[in-house]
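Working notes, beginning with the structure itself.
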Amino acid sequence: MEEMSKSYDPQAVEPALIDKWLAEDAYKRRPGAGDCTVVIPPPNVTGMLHMGHALDDTIQDAIVRRARMQSKSTRWILGTDHAGIATQTKVDKKLKSEGVSRLEIGRDRFVDACWDWTHQYGGIIVDQIKRMGCSVDFSDPKFTMDPAYAKAVRKVFCDWYHDGLIYRGNRIVNWCPSCTTAISDDEAEYRDEPSHLWYLRYPLSEPVNGQSYVVVATTRPETMLGDTGVAVSPKDPEKQAFVGKTVVLPIVGREIPIFSDYHVDAGFGTGFVKVTPAHDPNDYAMGVTHNLPMINIFDEHAVVVEGYGRFSGMNRDEARKAIVEWFDENGLLDHIEDINHSVMHCYRCDSALEPWLSEQWFVAVDKLKGPATEAVTSGQVQFHPDRWRQTYLTWMDNLKDWCISRQLWWGHRIPVFYCDDCGWEDACEQDVDTCPKCGGHHVHQDENVLDTWFSSQLWTFATQGWPEHPEQMQGHHPTTCLVTARDIIALWVARMVMSSLYFTHEIPFHDVVIYPTILAKDGSRMSKSKGNGVDPMDLISMYGADAMRFGLLTLVTSNQDVRFDADIDKKTKKLLGSARTENAKAFVTKIWNASRFVLTNLDGYTPGAPQALTDADKWIFSRLAKLCAEVDHDLDEYLFADLARSLYTFFWNEFCDWYIECCKGALRGAEAGEGATDEAARARLQTQRNLVFVLDTALRLLHPAMPFVTEAIWERLPLTPEQRQTASGEANDLLMLAAWPDASKLAPMVDERAEHSFDLLCAIVGRTRSVRARYALSPRQELAVAVSASAQDAESVEQLREQIVEMGRLSSLTVGVDLPKPAGSVSSLDESLKVYVELSGLVDFDKELARTRKLLEKAQRELESVDKVLSNQGFLAKATPEVIADKKEKRASIAESIELMNAQIADFS
RNA sequence: GGGCGAUUGGCUCAGGGGCAGAGCACUUCCUUCACACGGAAGGGGUCGCUGGUUCAAAUCCAGCAUCGCCCACCA
């Protein structure tokens, strides 16, 4: 076995292990007892891995790695999303930089360019996922535009179309004039912008109550060209006289009616609202109710269409300026107010969206939302943390029909075919070129493509052979869990539940794990434009993948967002470091070094079962058994911060700080050469076996969080082939496939008595260290210690005598029941022991005297406060017996401590 | 407007009726043969504010303040 290098270099070890795992086919889907199926939330092909992905994938890997070690049937499906708008935007930009527009090259060549882009960049994120150590099935990646996937998408569309769930309609949609596509409500972003409220005068056809005009307030003066009415509130008595009258629309000269509608808020503006049904969702609703004409004044680029004189051909901003000027010049501009106006923006290109009347495809949701609600209220689908259930249910409750058409070229084209000759129309799973009705050949397909979420909603089953090979889903659907971010609970999670229930009659997953959003250190969202984003690959190159993963897991609490502590150079935007990840890196190094210590102390080792020789062994076994149960619990409940904390505390603060130190004596014992006895040699061997056992088990438990360093060490452990077997008993030499520790088998090792004994050791050793530090004694200064204890505790201390003397650097250790205070000793109460450290001649007792008096005062104050509680009748009557007993015990301990201090003061005075 | 979260040491965060915690940073000591990416010992907090419930509140409840997120609306 290769020697362990003095320092651990993740940059060398990690890539080599990835190659090894892949070469040995360890990532492949595995048969087994029990199932663990996870689909990776498909990142956009255009993307680079960001912190959200890194966290998402780390969580999934931890889940999958444990399941694999348990020899469950694991299937972790990899894939990417074609991301319609995102990809089209990038390809558009690329073409533009080459001096071509997509309109010039046409649809087919543009789609080819998108495929080229996909092939060129789709692999980047997959490589990054691989570098993180994610044990996803790289051999069978999915893509939402794969031919098989496309078939699934098409079947879903056709079935819903024929079942009457998909329909076409004229609707106001959020139109992006730059992407020239409809954007769903969920994809639009509101942003407050300083703007104005323009008060415009609309002349009445005939005066009303002596008034010759009404004043309307608008933030969009340019849309007045399309006005077909003026509305007032039915609750506004003063305005009722105007209802039924008409105004003459300036510029256009159209006579339009004044009517009353509940949409109008009498208190806003003047109480008169201009109504533009083709360019505002509310006005559209009023237009439908009142049968108003819907006049579209903009083309797809938000440029004023023909027929409006000099205003035609102007874009929105030009038209606004020109129209306001016109009103001003003609004395119809009443006044202008400043206002903060929230404007919808395209979440991709950030252009202001235009409410625009157009023909779109919709999914009717009334039949889908009931079952999808039921799946969650019944607990079949569970959210972790549970509170996200409410987000899901609220959204489901308010759900409106879903606009699924997008005016893009990149995506699944809507499979509806039209016959130009006879007007036939149908959704078809196969392309059609001859009309089945009239036999004509003038058949064309709908130009629109589907919303990206329409295809990704099928992700759990379309990636598993549905609909052509349903047997592939057998035993792997519903999937185990979906790990994702909270901002797509509605966009994606909810839609997966709806479509899965409809088409597979199953929920898509049992558990939905929502992790906190990672914010920058200042609490703002990480974003490219702000330059405050952290690239996970930078973290990996600075600290290694294990450290990044572990650091990320410590962040996964039930919070809804967390700040990542990375410092970024403001000028260069370079990552300077992250304390959290740095600490995780130190932990990786600690694991390496502790293991190196164990492995370099194995001379004469032969494998054998662990067996406790001392309370120290019993203690660490007990702690290990508890850790194992804790780790299982944390993974079962998706409590990753707790998982990381448990592992860290056990390995560093218990195993390294105390147990290994405790073992050093026994390991050295037999090295004394000729003097070594058989007994010392036996103790040494058993200590080695115990160390290997604890280390081996700990590495297995650490593996899902930190796969690399644990695998690198484990291959060097002197284990038998049986010990290396998989959980199902197959031969194996990878930790990744080795059997997961069985908590129920370790449970008998829990030993509360031994844990108490070991606490006594820590107390005595800790006290001597503390005394040395206080009096600036050399760490090498040996001290004589006396301990007064109960009979049982005295026995425990005797049991650990060797370890205490060694670790505490004692010249002598006297143990007894009711032992008197040795002269010249400093005393203290630690745990249930009175510890006397003899310091005659070593220190200045005046100093100690002053310190003791101060402590005594504090203890007396404490005693008073405890006595106050204990004399409180309410407390005695209502507190639980345990709490009262604890309090009494505390009082006794303070009293004892005071007694000790008094004795000490008497001694030193 | 509706909902949710946060507010605990200088920083990033745990905890969740009965002794206030971790990591980083800070102070002192230690290069002793696993580890200075280390060890040991320390200092540092009125748990956002105001009330209430309770024998007991950092923890539960109400209100307030600040920060943030989601949903809806915005002529």
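Quick notes on this structure:
- Karplus (6.51, -1.76, 1.60) ³J(HN,Hα), θ = phi - 60°, over the range A:564-569, in Hz, Gly and Pro reported as x: 8, 7, 5, 9, 10, 5
- Given their separation in residues at 0.36 nm each and the Cα-Cα distance between them, A:E468 and A:K854 gain 130.8 nm when the chain is fully extended.
- Each peptide among A:827-833, A:882-888, A:25-31 gets the average number of other Cβ atoms lying within 10 Å of its residues, and from highest to lowest they stand as A:827-833, A:25-31, A:882-888.
- All Cα-Cα separations within chain A were binned at 10 Å from zero, giving a P(r) of 2, 10, 15, 16, 16, 13, 10, 8, 6, 3, 1, 0, 0, each value a whole percent of the pairs.
- Kirkwood Rh, angstrom, the range A:233-283 [1 / mean 1/r, Cα pairs]: 11.8
- Taking the range A:185-260 and dividing mean pair separation by its residue count, relative contact order in percent (alpha carbons under 8 Å, at least six apart): 29
- Cβ-Cβ FRET estimate between A:E795 and A:R716, R0 fixed at 45 Å, reported to 0.05: 0.70
- Sulfur and carbon atoms: percent of accessible area, chain A [1.4 Å]: 49
- For A:L810, nonlocal amide neighbours, meaning residues 5 or more places apart or on other chains whose placed amide H falls under 5 Å from its own, are A:L783.
- Residue-span extension gain [A:N583 to A:D140] - 0.36 nm each, minus C-alpha spacing: 155.9 nm
- Amide H contacts of A:T80: A:K142, A:F143, A:T144, each under 5 Å away and 5 or more positions distant or on a separate chain (H built 1.01 Å from N in the peptide plane; Pro and chain starts excluded).
- Mean Cα-pair separation over length for the range A:398-463, i.e. relative contact order, pairs under 8 Å, 6 or more apart, %: 38
- A Förster distance of 22 Å, applied to the separation of the beta-carbon atoms of A:K28 and A:D636, puts the FRET efficiency at 0.30.
- Built amide H within the under 5 Å cut-off of A:V343, gap 5+: A:R191, A:D192, A:E193
- Summed residue charge, Cβ within 13 Å of A:G287's Cβ, Lys/Arg positive, Asp/Glu negative: -2
- For chain A, the mean residue ellipticity at 222 nm estimated from helices alone is -13000 deg cm²/dmol, where every DSSP H run of n ≥ 4 contributes -39500 (n - 2.57) and the total is divided by all residues, rounded to the nearest 500.
- Using θ = phi - 60° in the Karplus curve 6.51 cos²θ - 1.76 cosθ + 1.60, the 3J(HN,Hα) couplings for the range A:8-20 round to 9, 10, x, 5, 8, 6, 4, x, 5, 5, 4, 4, 5 Hz; x is entered for Gly and Pro.
- Whole-angstrom gap from the range A:90-128 to the range A:726-765, using each part's C-alpha centre: 54
- Taking every C-alpha pair closer than 8 Å and separated by at least 6 residues, the mean separation divided by the residue count of chain A gives a relative contact order of 11 percent.
- Nearest-0.05 FRET efficiency for A:A895 and A:K96, computed from C-beta distance (R0 60 Å): 0.10
- Annotation: for a label point projected 7 angstrom from Cα along Cα→Cβ of A:E506, residues of the range A:1-37 with backbone N closer than 18 Å are A:29-37.
- Cα centroid separation - the range A:379-439 against the range A:293-352, whole Å: 33
- Lysine-lysine proximity count for the range A:542-656, Cα under 28 Å, sequence distance 8 or more or distinct chains: 9
- Cα centroid separation, the range A:6-55 to the range A:511-568 (Å): 19
- Neighbour net charge for A:H384 - beta-carbon separation under 9 angstrom, K R +1, D E -1: -3
- Take the Cα of A:L863, step 7 Å toward its Cβ, do the same at A:T649, and the gap between the two points is 3.3 nm.
- Pairwise label distance in nanometres, A:S5 with A:S811, each label 7 Å out on the Cα-Cβ vector: 4.6
- A:T434 paired with A:V243, simple spin-label distance in nm, labels 7 Å along Cα-to-beta-carbon: 6.1
- For peptides A:449-460, A:383-394, sequence by mean Cβ density within 10 Å, most packed first: A:449-460, A:383-394
The values are calculated or read from the model by the stated rules, or taken from the named source; none is laboratory data. Worth saying up front: this structure is predicted, and the values here are computed from it rather than measured. Glycine also receives a Cβ, built like all others from the backbone with ideal geometry; neighbour counts cover every protein chain displayed. All accessible areas refer to the heavy atoms of the entire protein, side chains included, with ligands and DNA or RNA removed. Shrake-Rupley method; radii C 1.70, N 1.55, O 1.52, S 1.80 Å.
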